[in-house]
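A quick write-up on the structure given underneath.
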């Protein structure tokens with residue numbers, strides 16, 4: 001791998017991986033132009049991004065899809081399984097627990113927790129909703145490495161604090177709020193309202 005990979009490139013690698021996964025059963029090779037069209041970027045960007053991986057393809061032939069897919073998975077750390085806890089068993093948390101796409105990427109949802117006593121014990125896709133009061137114990141017992149926050153915004157900071165205290169340093173925040181944590185904790189925020197706002201802008205800017 002060539003030096004440090006820029007964060008912008010890292011953010012595009014999962015998109016490339018999705019595209020390559022769709023191609024892998026039908027083709028052995030792909031050009032930077034083909035991948036650029038599939039990923040919604042330009043071919044020069046594709047070539048530059050892959051140069052950070054030390055992958056330059058073959059002129060006139062392109063990239064070996066399986067090899068490139070394997071290389072991206074290795075760079076992203078997707079060569080093993082990561083135990084995940086979902087905090088919040090409302091509509092969003094339950095939908096995520098039922099989502100089947102995590103397995104293919106190596107993310108294993110091993111627990112879903114909530115503070116609502118009426119929900120505790122209810123089944124969700126083979127799991128039983130557990131008490132959020134046991135979050136620290138659950139993290140320790142199951143070696144959980146990633147936490148997904150699917151709570152209302154008012155509870156998200158408290159949940160992030162508890163996850164961090166339990167030793168979880170990778171958090172996906174789906175609550176519509178910005179969280180404050182130590183530098184040791186890496187948080188990715190997905191705000192659907194923000195994304196819809198961007199869509200609205202593009203819809204009305206023409």
**OP:** Answer with yes or no whether residue 112 is in contact with a helix residue (DSSP H, G or I) (Cβ under 6 Å, 6 or more places away or on another chain) and either surrounded by 17 or more Cβ atoms within 10 Å (Cβ to Cβ) or assigned to a loop (DSSP other than H, G, I, E, B) (or both).
**Re:** yes
Subject >> When residues of the stretch 115-135 are limited to those that are assigned to a loop (DSSP other than H, G, I, E, B) and within 23 Å of the chain's Cα centre (by Cα), the one nearest to residue 151 (Cα to Cα) >> reply: 129
Subject >> Selection status of residue 41, surrounded by 13 or more Cβ atoms within 10 Å (Cβ to Cβ), touching a helix residue (DSSP H, G or I) at 6+ places or on another chain (Cβ under 9 Å) and not in a helix (DSSP H, G or I) >> reply: yes
**OP:** Please tell me if residue 54 is in contact (Cβ under 8 Å) with a residue 24 or more places away in the chain and either closer than 29 Å to residue 193 by Cα or assigned to a strand (DSSP E or B) (or both).
**Re:** no
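Taken together, the values in this text are just the output of simple stated rules run on the coordinates, not laboratory data. Note that the structure is predicted; figures quoted are calculated from it, not measured. FYI the Cβ positions are ideal-geometry reconstructions off the backbone, even for glycines, and counts take in every protein chain you see.
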